Amino acid sequence: MIRLFRPEDLQGIVRIWNECVEAGETLLYPVSDDSFLRLFCENPWCAPENLLIAERDGRPLGFIHGVAPMTFPGARPGDAYLSQIMVDRAFRRQGIGRALLNALAARMKALGAGRLLISSLNPVNLSWKIPGSPGHDHNNMPGADMECPGFGFVTESGFSVLYREMAMYIDLSGYRPPEGLDELRDSLRRHGIETGPYDATLHCGYDRMCDRVGSEYWRDVLRTEIDAWEKGRPNEDERFWPDGRKPASPRLLLTAVHGGQIVGFTGPVDLQKSGRGWFTGICTDPEFGRRGIATVLFNGLLDAFVQEGAAFTSLFTGEDNPAKKIYLGAGMREARRFALMALPLGGSHE
């Protein structure tokens, strides 16, 4: 029987989760009763009726969780999200997973969803262990883990791959700037491009770059960070924000400037409780591409992380993204592959 979650189910589904972790079936961390409730029941974007349980004779045999469309900032109309599905290891291959998925799909379709996504846009952020690291973690999964046993289940259930991403990682204790970096920076300077920390006295424009890139997201990032510099540093009453990042705004922003305009940037430099160097991304004006700007800025970012005390950093990039060469050249390595996946909600998924 598939039904809504009840408080008395909690210990049973936490046991299922932790047994999957202990068996090495997932990179996720073990959960406690409290942390499970915070993730799936107390999250402001998660309705309790979207946590479903598979039960037999009063015993939970599996669970599934989803996020309904248009329930959080930035949500896209018609998109619902699959957060997690797990089945007791002793009761698999009995159709329990399919029954759970069918029930969630039917519910999301009734709420107006046209498709069910496995995506980093899901507001339920699940931290995972970076393979081959000394206990380092990333704070969110960008999609379905392609090396997890469950990847076969979602593929067979009708999910299709929309986009593949690589998780890349570097232990910053071993970071060394690549050879030729100073020469590349000097070459940019000779062509009128200055790279380094954002200078609040320059009042550099950034709209031209954002217009060419076609990104309102980058425009908003730059506006937010530059406004923080203009307003000055606020008082810091706590060491970290609730999401685990250090409240050090205005934060270091690395830029490439030409003719009074920002033509590339990365950052802002931030630090999470875990020791991870955090940043939003890296961007270069298309008219100034293939000059080494991104290489100089990204290595400057890694050096800034080291100065800030970060132990490591990790990021995601498209499997075919040319920027992958920059990350590899800086000493990062591929840690895992993930897939953004979608299931059309047009019918049954038996």
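Taking the condition of being touching a Ser or Thr at 6+ places or on another chain (Cβ under 6 Å) and either modelled with pLDDT under 95 or closer than 23 Å to Asp186 by Cα (or both), how many residues in region 236-285 meet it?
Number satisfying all stated conditions: 6.
Pairs please, first residue from region 133-151 and assigned to a helix (DSSP H, G or I), second anywhere and buried (at least 17 other Cβ atoms within 10 Å of the Cβ) and among the polar types (S, T, N, Q), Cβ atoms under 8 Å, 6+ apart in sequence or on different chains.
Final answer for the pair search is Gly150/Thr26.
Inspect region 32-42 for any residue being farther than 20 Å from Gly143 by Cα, charged (D, E, K, R), in the same structural domain as Gly114 (by TED's automatic domain parsing) and buried (at least 18 other Cβ atoms within 10 Å of the Cβ) and give the result as yes or no. Break it down stepwise before answering.
Within region 32-42, the subset farther than 20 Å from Gly143 by Cα is 32-35, 37-38, 41-42.
Those still in the list that are charged (D, E, K, R) too: 33-34, 38, 42.
Still in the running and in the same structural domain as Gly114 (by TED's automatic domain parsing): 33-34, 38, 42.
Then drop every residue that is not buried (at least 18 other Cβ atoms within 10 Å of the Cβ), which leaves none.
Looking for residues that are farther than 20 Å from Gly143 by Cα, charged (D, E, K, R), in the same structural domain as Gly114 (by TED's automatic domain parsing) and buried (at least 18 other Cβ atoms within 10 Å of the Cβ), one finds none in region 32-42, hence no.
Considering each residue of region 294-335, count those that are more than 22 Å from Leu271 (Cα to Cα) and of a type in the set (Lys, Arg), and give that number.
2
One residue is enough: does region 66-75 have a residue meeting the conditions assigned to a helix (DSSP H, G or I) and out of contact with any Pro (no Cβ under 9 Å at 6 or more places or on another chain)?
First, the residues of region 66-75 that are assigned to a helix (DSSP H, G or I): none.
There is no residue in region 66-75 that is assigned to a helix (DSSP H, G or I) and out of contact with any Pro (no Cβ under 9 Å at 6 or more places or on another chain).
Mind listing whichever residues of region 53-68 are farther than 23 Å from Trp128 by Cα and buried (at least 20 other Cβ atoms within 10 Å of the Cβ)? Steps first, answer last, please.
Filtering region 53-68 down to residues farther than 23 Å from Trp128 by Cα leaves 53-61, 68.
Result: Ile53, Ala54, Pro60, Leu61, Ala68.
Leu39 versus (1) in a loop (DSSP other than H, G, I, E, B); (2) more than 20 Å from Gly158 (Cα to Cα); (3) in contact (Cβ under 8 Å) with a residue 24 or more places away in the chain; (4) not aromatic (Phe, Trp, Tyr): which is the lone unmet condition?
Going through (1) in a loop (DSSP other than H, G, I, E, B); (2) more than 20 Å from Gly158 (Cα to Cα); (3) in contact (Cβ under 8 Å) with a residue 24 or more places away in the chain; (4) not aromatic (Phe, Trp, Tyr) one by one, Leu39 breaks only (1).
I want to confirm something. Restricting to region 1-30 and keeping residues that are in contact with a Phe, Trp or Tyr (Cβ under 8 Å, 6 or more places away or on another chain) and over 20 Å from Ile96 (Cβ atoms), which single residue is surrounded by the most Cβ atoms within 10 Å (Cβ to Cβ)?
Leu27
Every residue in region 325-344 that is surrounded by fewer than 22 Cβ atoms within 10 Å (Cβ to Cβ), of a type in the set (D, E, K, R) and touching a residue at least 24 places away in the same chain (Cβ under 8 Å), please.
Arg333, Glu334, Arg337
Read through the list (1) within 14 Å of the chain's Cα centre (by Cα); (2) crowded, with 21+ Cβ neighbours inside 10 Å, then give the number of the only condition that Ala113 fails.
Unmet condition: (1).
Residues are listed down the side, and each one gets a yes or a no for (1) of a type outside the set (Val, Ile, Thr); (2) buried (at least 21 other Cβ atoms within 10 Å of the Cβ); (3) within 17 Å of Leu252 (Cα to Cα):
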| site | (1), (2), (3) |
| --- | --- |
| Cys283 | yes, yes, yes |
| Glu287 | yes, no, no |
| Ile293 | no, yes, no |
| Asn299 | yes, yes, yes |
| Gly309 | yes, no, yes |
| Phe312 | yes, yes, no |
| Thr317 | no, no, no |
| Asp320 | yes, no, no |
| Ala323 | yes, no, no |
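Test of understanding: among Leu301, Leu340, which residue is part of a strand (DSSP E or B) and at pLDDT 95 or above?
Details: Leu301 fails: part of a strand (DSSP E or B).
That would be Leu340, the only listed residue that is part of a strand (DSSP E or B) and at pLDDT 95 or above.
So, Gly150, is that one farther than 22 Å from Tyr327 by Cβ, touching a helix residue (DSSP H, G or I) at 6+ places or on another chain (Cβ under 7 Å), assigned by TED's automatic domain parsing to the domain that holds Leu37 and not aliphatic (A, V, I, L, M) or not?
Working: farther than 22 Å from Tyr327 by Cβ: yes; touching a helix residue (DSSP H, G or I) at 6+ places or on another chain (Cβ under 7 Å): no; assigned by TED's automatic domain parsing to the domain that holds Leu37: yes; not aliphatic (A, V, I, L, M): yes.
Criteria not met by Gly150.
Any residue that is under 16 Å from Leu340 (Cβ atoms), surrounded by 21 or more Cβ atoms within 10 Å (Cβ to Cβ) and in contact with a Cys (Cβ under 9 Å, 6 or more places away or on another chain) - is there at least one of those in region 79-99?
yes
Condition first: of a type in the set (Ser, Thr, Tyr), farther than 24 Å from Leu328 by Cα and either in a strand (DSSP E or B) or modelled with pLDDT of 95 or more (or both). Now tell me which residues in region 155-205 satisfy that. First the steps, then the outcome.
Start the filter on region 155-205 by keeping residues that are of a type in the set (Ser, Thr, Tyr), which leaves 155, 157, 160, 163, 169, 173, 175, 187, 195, 198, 201.
From what's left, farther than 24 Å from Leu328 by Cα: 155, 157, 160, 198, 201.
Hits for region 155-205 are Thr155, Ser157, Ser160.
Condition test on Ala105, is it assigned to a helix (DSSP H, G or I) and of a type in the set (A, V, I, L, M)?
Here the answer is yes, as Ala105 does meet what is asked.
Restricting attention to region 223-232, does a residue exist that is in the same structural domain as Phe298 (by TED's automatic domain parsing), surrounded by 14 or more Cβ atoms within 10 Å (Cβ to Cβ), at pLDDT 70 or above and part of a loop (DSSP other than H, G, I, E, B)?
no
Got at least one residue in region 294-305 being of a type in the set (Gly, Ala, Ser), at positive phi and touching a helix residue (DSSP H, G or I) at 6+ places or on another chain (Cβ under 8 Å)? Explain how you work it out, then say what you get.
Narrowing region 294-305 to residues of a type in the set (Gly, Ala, Ser): 294, 300, 304.
Within this subset, residues satisfying the condition of being at positive phi are none.
Looking through region 294-305, none of the residues is of a type in the set (Gly, Ala, Ser), at positive phi and touching a helix residue (DSSP H, G or I) at 6+ places or on another chain (Cβ under 8 Å).
The values are calculated or read from the model by the stated rules, or taken from the named source; none is laboratory data. These numbers were taken from a predicted model, which means no experiment stands behind them. Glycine gets a Cβ as well: all are built from the backbone with ideal geometry, and neighbour counts include every protein chain shown.
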